[in-house]
Protein chains: 2
Amino acid sequence: MQILKDIEAIVGTKGILTGNDVANRKAGIWIDEGIKAKAIVRPKNTEELSKVLKICNEKKQPVVPHGGLTGLAEGAITLEGQIAISTERLNEIETIDTVGRTITLGAGVQLEKAQNKAEENNLMLAVDLGARGSCTIGGNISTNAGGNMVVKYGMTRDSVLGLEAVLADGRIVTSLNEMLKNNSGYDLKQLFIGTEGTLGFVTRAVLRLREKPKSTNTALLAVNSFTQVTQFLKHIDRGLGGNLSAFEVMWEDFYKQVTTEPALNSPPLSQGFPYYVLVESTGSNQQKDSEHFEELLEEALNLEIIEDAVVSKSDSDRSNLWAIRDDVEQHYQDGPVKMFDVSMPILSMEKYITDVHEKFSENWETYKCVVFGHLADGNLHVVSGVGSDDDESIRKMESCIYDPLKSIGGAVSAEHGIGLEKKDYLGISRTEIEIDIMRTLKKSLDPNNILNPGKVFD
Amino acid sequence: MQILKDIEAIVGTKGILTGNDVANRKAGIWIDEGIKAKAIVRPKNTEELSKVLKICNEKKQPVVPHGGLTGLAEGAITLEGQIAISTERLNEIETIDTVGRTITLGAGVQLEKAQNKAEENNLMLAVDLGARGSCTIGGNISTNAGGNMVVKYGMTRDSVLGLEAVLADGRIVTSLNEMLKNNSGYDLKQLFIGTEGTLGFVTRAVLRLREKPKSTNTALLAVNSFTQVTQFLKHIDRGLGGNLSAFEVMWEDFYKQVTTEPALNSPPLSQGFPYYVLVESTGSNQQKDSEHFEELLEEALNLEIIEDAVVSKSDSDRSNLWAIRDDVEQHYQDGPVKMFDVSMPILSMEKYITDVHEKFSENWETYKCVVFGHLADGNLHVVSGVGSDDDESIRKMESCIYDPLKSIGGAVSAEHGIGLEKKDYLGISRTEIEIDIMRTLKKSLDPNNILNPGKVFD
């Protein structure tokens with residue numbers, strides 16, 4: 001194919017994979033199938049990518065950006081006629097500024113590598129998620145990744161100070177701002193954050209770093225009602241004065257399964273409470289902060305907002321508490337399930353979950369529907385199973401989960417993105433006018449529709 | 001004029017001002033002249049505004065959004081043939097959600113009114129600036145206002161969860177998201193934040209609120225070198241574990257003038273040190289936090305990073321320390337001056353200020369050039385005067401201040417915006433490709449160029 005020859009002339013033989021070298025790579029770390037694509041192109045710098053995209057644009061050749069392929073919304077799926085462009089050779093950490101607290105790096109750098117670089121300099125990158133060892137900074141940015149630190153530090157968007165991206169026509173947009181404040185014209189980086197590679201291809205970034213916290217306090221609480229969960233959120237958030245760094249809630253059935261054999265964890269608090277909260281605070285002085293943290297829990301017990309508490313006294317205690325929250329796989333053992341990622345105002349959650357159960361029970365005699373999530377961010381995950389994962393069952397489950405979001409202003413994707421997977425449901429969370437504007441932006445920046453076409457919306 | 005009649009038919013007589021009712025209003029709170037415009041239109045809701053814009057778009061009638069008119073970059077200046085559209089009747093606080101910690105309100109609500117509403121509910125709106133009593137939420141959003149809390153809470157952008165805006169053609173984009181996490185499609189609100197009313201007219205917003213801090217600690221420090229200023233920034237930021245809420249630096253000559261008669265403040269620390277730092281922390285427990293804050297200052301003294309310190313022991317102490325930092329008007333007493341608002345990497349600041357002084361001294365035998373600012377955000381303000389404020393002098397001063405920013409990746413506007421005032425200098429901070437993309441966005445969303453035309457770029 002001529003286009004592949006033209007591309008090879010730009011990137012060299014090392015820069016392009018075809019045939020089995022493509023098919024032997026898995027299409028995603030959660031997907032068993034191999035990648036379907038004409039080729040995987042691996043530019044070694046922005047200039048090469050620019051030239052490649054220029055050709056693809058002229059030939060109307062669709063391309064799909066590939067990072068760590070850890071996404072959960074089918075945002076990096078390729079079709080046979082498409083070309084995947086991988087950031088794997090754009091993987092240099094360029095500079096770290098310990099005074100300005102910034103790191104400048106290539107889109108292909110793995111999140112964990114960037115985290116480690118920050119750590120070595122007594123700093124912290126405030127983006128963290130389970131896939132840290134595989135996912136890339138470019139992917140984190142393109143999907144505006146969430147994770148466990150959002151309540152304190154925000155989404156990935158909030159850690160991005162500057163970006164470089166290549167437009168569909170090959171133009172390089174270098175906006176590598178390093179400052180917290182820059183109101184010089186439109187903030188163009190927002191076009192490339194969370195837009196899943198549909199408006200431009202992120203090649204480099206400047207990320208904000210923070211001074212590394214000197215203390216961590218963690219506890220697991222048992223709570224009797226949803227109202228008390230919200231009271232406890234306010235109590236602990238106010239009490240910690242901005243240092244609340246995680247507020248994870250597990251519904252009763254989630255907790256039961258992850259603390260019952262064959263799960264490896266035993267229950268640090270007895271089973272049977274309606275809600276369990278994993279709360280964490282980071283701060284500046286371990287002794288003072290621990291005292292204060294425990295006083296706040298004492299107060300909550302005395303106020304009868306919480307029923308019981310276990311406080312981590314060591315790193316291994318902390319790991320054990322998080323292991324319970326993170327052992328989502330337990331819910332995959334009784335047949336096929338699907339994990340949902342939705343968000344909504346906290347005050348709507350209790351009713352929403354009731355409505356979802358009602359819808360499931362209208363459709364199926366037995367079903368699984370366990371709930372957990374980053375409650376303070378409005379983000380719930382629901383693991384649902386109805387015994388079968390044929391298309392019709394999936395569609396029906398999706399309808400049960402997504403439909404009730406519309407009337408409460410909820411989102412069909414809180415942190416995973418839309419990709420192909422949720423495209424049909426975008427209209428639940430966004431108006432026709434909003435989707436029209438998305439199309440307007442897409443058309444104005446990628447008139448030939450070559451950048452990750454068909455993702456997010458049609 | 002037919003268009004004014006058509007508009008009056010939509011908004012009623014109360015909704016439109018003409019003639020002296022226009023001219024008698026000041027064009028800005030810092031401007032002596034009256035407003036020049038065909039009319040000031042005051043829609044009472046989004047629907048009225050939508051109809052007005054639809055007519056203006058059809059007739060290619062330029063409009064300029066008006067909030068509190070406190071902007072510092074001529075972003076709301078109108079020409080005689082233009083129509084000003086004021087948010088003054090879109091001034092309702094609609095709801096406050098104390099669990100989700102959000103406030104939903106009209107664009108015309110004054111910042112201070114929103115702050116007070118939050119306070120009444122034991123919450124805090126983390127946007128604050130000097131003009132709080134006059135500026136509006138819509139203006140804060142359209143200019144992405146900065147202020148004194150950015151190092152802890154970010155710019156206005158970081159407090160905006162959802163928006164409603166009207167496009168040039170009258171379409172209403174309602175994206176009143178209430179969640180911290182929502183990755184359902186493009187984050188369209190970014191189009192309307194910091195774009196100075198050129199892409200859409202903000203009518204309503206959902207803002208994030210925080211639990212109100214329970215403690216405040218404030219100190220003024222004297223520091224011997226710029227390197228020590230940066231060492232102290234890292235020391236205190238790390239030591240406070242995320243609770244650093246302000247880090248304001250005054251250069252020697254700034255401090256001298258604001259603590260010498262006729263200034264009302266006396267110097268709490270002796271004059272003559274090269275730098276003075278006003279540092280503030282907010283937290284959760286006044287006693288514990290004060291102890292910890294003072295220990296950190298002790299450490300800094302022992303490490304000889306700082307030379308002297310005075311710690312606020314009361315609200316009035318705190319007010320007095322801030323009064324020194326805020327008494328910028330002292331620098332206006334010796335003839336005409338211009339205040340600049342720039343940002344740059346912290347590590348480039350010392351050299352930048354040296355370069356600026358060199359440029360001034362090449363051009364003028366005597367001049368004023370005093371420096372202060374939100375150093376941790378990379379943001380400096382420079383008050384400059386050369387004895388005359390004729391156009392040529394202003395242009396020469398601008399050149400001295402802006403030209404050296406180019407090579408260090410600095411910004412000609414850190415927090416004030418571009419408006420008309422800095423339009424000619426946008427190219428110092430942004431590339432031609434970036435400005436082209438801004439034009440592309442403008443054209444695709446406002447093809448008739450009716451929304452605040454001529455602002456930010458041509």
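Which condition does residue B:158 not pass, out of (1) touching a residue at least 60 places away in the same chain (Cβ under 8 Å); (2) surrounded by fewer than 22 Cβ atoms within 10 Å (Cβ to Cβ), if it passes all the others?
Exception for residue B:158: condition (1).
In this structure, does residue B:433 turn out to be in contact with a Lys or Arg (Cβ under 7 Å, 6 or more places away or on another chain), over 17 Å from residue B:197 (Cβ atoms) and not small (Gly, Ala, Ser)?
So residue B:433 passes the test.
Out of everything in the range B:159-189 that is more than 8 Å from every other protein chain (Cβ to nearest Cβ) and among the small types (Gly, Ala, Ser), what residue ends up being farthest from the chain's Cα centre (by Cα)?
Step by step, filter the range B:159-189, then rank; the result is B:170.
Residue B:247 - would you say it is assigned by TED's automatic domain parsing to the domain that holds residue B:292, in contact (Cβ under 8 Å) with a residue 40 or more places away in the chain and over 16 Å from residue B:377 (Cα atoms)?
no
Kindly list the number of the only condition in (1) surrounded by fewer than 24 Cβ atoms within 10 Å (Cβ to Cβ); (2) in a strand (DSSP E or B) that fails for residue B:170.
Of (1) surrounded by fewer than 24 Cβ atoms within 10 Å (Cβ to Cβ); (2) in a strand (DSSP E or B), only one is false for residue B:170: (2).
Got at least one residue in the range B:352-363 being farther than 17 Å from residue A:186 by Cβ and either crowded, with 24+ Cβ neighbours inside 10 Å or within 14 Å of chain A (Cβ to nearest Cβ) (or both)?
From the range B:352-363, those farther than 17 Å from residue A:186 by Cβ are B:352-363; that's our starting set.
Now drop any that are not either crowded, with 24+ Cβ neighbours inside 10 Å or within 14 Å of chain A (Cβ to nearest Cβ) (or both), which leaves B:352, B:356.
Yes, that holds for at least one residue.
Considering (1) in a helix (DSSP H, G or I); (2) within 13 Å of chain B (Cβ to nearest Cβ); (3) under 21 Å from the mean Cα position of the chain (by Cα), say which one residue A:245 fails and leave the rest.
Of the numbered conditions (1) in a helix (DSSP H, G or I); (2) within 13 Å of chain B (Cβ to nearest Cβ); (3) under 21 Å from the mean Cα position of the chain (by Cα), the odd one out for residue A:245 is (1).
Can you tell me which of (1) assigned by TED's automatic domain parsing to the domain that holds residue A:194; (2) within 23 Å of residue A:172 (Cα to Cα); (3) of a type in the set (Gly, Ala, Ser) is the one residue A:100 doesn't meet?
Going through (1) assigned by TED's automatic domain parsing to the domain that holds residue A:194; (2) within 23 Å of residue A:172 (Cα to Cα); (3) of a type in the set (Gly, Ala, Ser) one by one, residue A:100 breaks only (2).
Give all pairs with beta carbons closer than 7 Å in which a residue from the range B:110-131 that is under 20 Å from residue B:88 (Cα atoms) meets a residue that is of a type in the set (Val, Ile, Thr) and in a loop (DSSP other than H, G, I, E, B); count only pairs at least 6 apart in sequence or on separate chains.
From residues that are under 20 Å from residue B:88 (Cα atoms), the pairs are B:111/B:127; B:131/B:70.
For residues that are part of a strand (DSSP E or B) and either surrounded by fewer than 21 Cβ atoms within 10 Å (Cβ to Cβ) or of a type in the set (Asp, Glu) (or both), tally how many sit in the range A:384-402.
0
Identify the single condition in (1) facing chain A (nearest Cβ under 7 Å); (2) in contact (Cβ under 8 Å) with a residue 12 or more places away in the chain; (3) in contact with a strand residue (DSSP E or B) (Cβ under 9 Å, 6 or more places away or on another chain); (4) assigned to a loop (DSSP other than H, G, I, E, B) that residue B:197 does not satisfy, given that it satisfies every other one.
With respect to (1) facing chain A (nearest Cβ under 7 Å); (2) in contact (Cβ under 8 Å) with a residue 12 or more places away in the chain; (3) in contact with a strand residue (DSSP E or B) (Cβ under 9 Å, 6 or more places away or on another chain); (4) assigned to a loop (DSSP other than H, G, I, E, B), residue B:197 is out only on (1).
Tell me, which residue of the range A:89-130 that is in contact with a Lys or Arg (Cβ under 8 Å, 6 or more places away or on another chain) and charged (D, E, K, R) is nearest to residue A:164 (Cα to Cα)?
Top of the filtered list is A:94.
Restricting attention to the range A:83-102, and to residues there that are in a strand (DSSP E or B) and within 13 Å of chain B (Cβ to nearest Cβ), which single residue is surrounded by the fewest Cβ atoms within 10 Å (Cβ to Cβ)? Can you show your working first?
Filtering the range A:83-102 down to residues in a strand (DSSP E or B) leaves A:83-86, A:93-97, A:102.
Imposing the further condition that a residue be within 13 Å of chain B (Cβ to nearest Cβ) reduces the set to A:95-97, A:102.
Numbers: A:95: 11, A:96: 19, A:97: 17, A:102: 27.
Selected residue: A:95.
What number of residues within the range B:203-216 satisfy the criterion of being over 24 Å from the mean Cα position of the chain (by Cα) and in a strand (DSSP E or B)?
Number of matching residues: 1.
Would you pick out the residues in the range A:128-146 that are over 20 Å from residue B:156 (Cα atoms) and within 10 Å of chain B (Cβ to nearest Cβ)?
The answer is A:143, A:145, A:146.
For the range B:403-426, how many residues meet the condition of being in contact with a helix residue (DSSP H, G or I) (Cβ under 9 Å, 6 or more places away or on another chain) and assigned to a loop (DSSP other than H, G, I, E, B)?
Of the residues in the range B:403-426, 9 are in contact with a helix residue (DSSP H, G or I) (Cβ under 9 Å, 6 or more places away or on another chain) and assigned to a loop (DSSP other than H, G, I, E, B).
Take residue A:381 and tell me if it is within 17 Å of the chain's Cα centre (by Cα), assigned to a loop (DSSP other than H, G, I, E, B) and either touching a residue at least 12 places away in the same chain (Cβ under 8 Å) or facing another protein chain (nearest Cβ under 10 Å) (or both).
Working: within 17 Å of the chain's Cα centre (by Cα): yes; assigned to a loop (DSSP other than H, G, I, E, B): no; either touching a residue at least 12 places away in the same chain (Cβ under 8 Å) or facing another protein chain (nearest Cβ under 10 Å) (or both): yes.
Considered against the rule, which asks whether it is within 17 Å of the chain's Cα centre (by Cα), assigned to a loop (DSSP other than H, G, I, E, B) and either touching a residue at least 12 places away in the same chain (Cβ under 8 Å) or facing another protein chain (nearest Cβ under 10 Å) (or both), residue A:381 comes out as no.
When you check residue B:241 against the structure, is it touching a strand residue (DSSP E or B) at 6+ places or on another chain (Cβ under 8 Å) and modelled with pLDDT under 95, yes or no?
yes
Considering only residues that are touching a residue at least 40 places away in the same chain (Cβ under 8 Å), more than 10 Å from chain B (Cβ to nearest Cβ) and of a type in the set (S, T, N, Q), which ones fall in the range A:392-433?
Of everything in the range A:392-433, just one residue is touching a residue at least 40 places away in the same chain (Cβ under 8 Å), more than 10 Å from chain B (Cβ to nearest Cβ) and of a type in the set (S, T, N, Q), namely A:399.
Quick check on the range B:201-219: of everything there that is in contact with a Leu (Cβ under 7 Å, 6 or more places away or on another chain) and facing chain A (nearest Cβ under 9 Å), which residue is surrounded by the fewest Cβ atoms within 10 Å (Cβ to Cβ)?
Just the residues of the range B:201-219 that are in contact with a Leu (Cβ under 7 Å, 6 or more places away or on another chain), to begin with: B:201-212, B:218-219.
Still in the list and also facing chain A (nearest Cβ under 9 Å): B:210-212.
On the way: B:210: 20, B:211: 22, B:212: 15.
Top of the filtered list is B:212.
Condition first: in contact with a Cys (Cβ under 8 Å, 6 or more places away or on another chain) and polar (S, T, N, Q). Now tell me which residues in the range A:1-53 satisfy that.
Once the filter is applied, which keeps residues that are in contact with a Cys (Cβ under 8 Å, 6 or more places away or on another chain) and polar (S, T, N, Q), the range A:1-53 yields nothing.
Residues checked against (1) touching an Asp or Glu at 6+ places or on another chain (Cβ under 9 Å); (2) surrounded by fewer than 24 Cβ atoms within 10 Å (Cβ to Cβ); (3) not assigned by TED's automatic domain parsing to the domain that holds residue A:203:
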residue: A:8; (1), (2), (3): no, yes, yes
residue: A:37; (1), (2), (3): yes, no, yes
residue: A:42; (1), (2), (3): yes, yes, yes
residue: A:63; (1), (2), (3): no, no, yes
residue: A:67; (1), (2), (3): yes, no, yes
residue: A:74; (1), (2), (3): yes, yes, yes
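Can you tell me how many residues in the range B:434-452 are away from chain A (no Cβ under 11 Å), within 24 Å of the chain's Cα centre (by Cα) and more than 15 Å from residue B:417 (Cα to Cα)?
1
The values are calculated or read from the model by the stated rules, or taken from the named source; none is laboratory data. From a predicted model like this one, the values you see are computed outputs, not experimental measurements. Neighbour counts run over all protein chains shown; Cβ positions are idealised from the backbone, glycine included.
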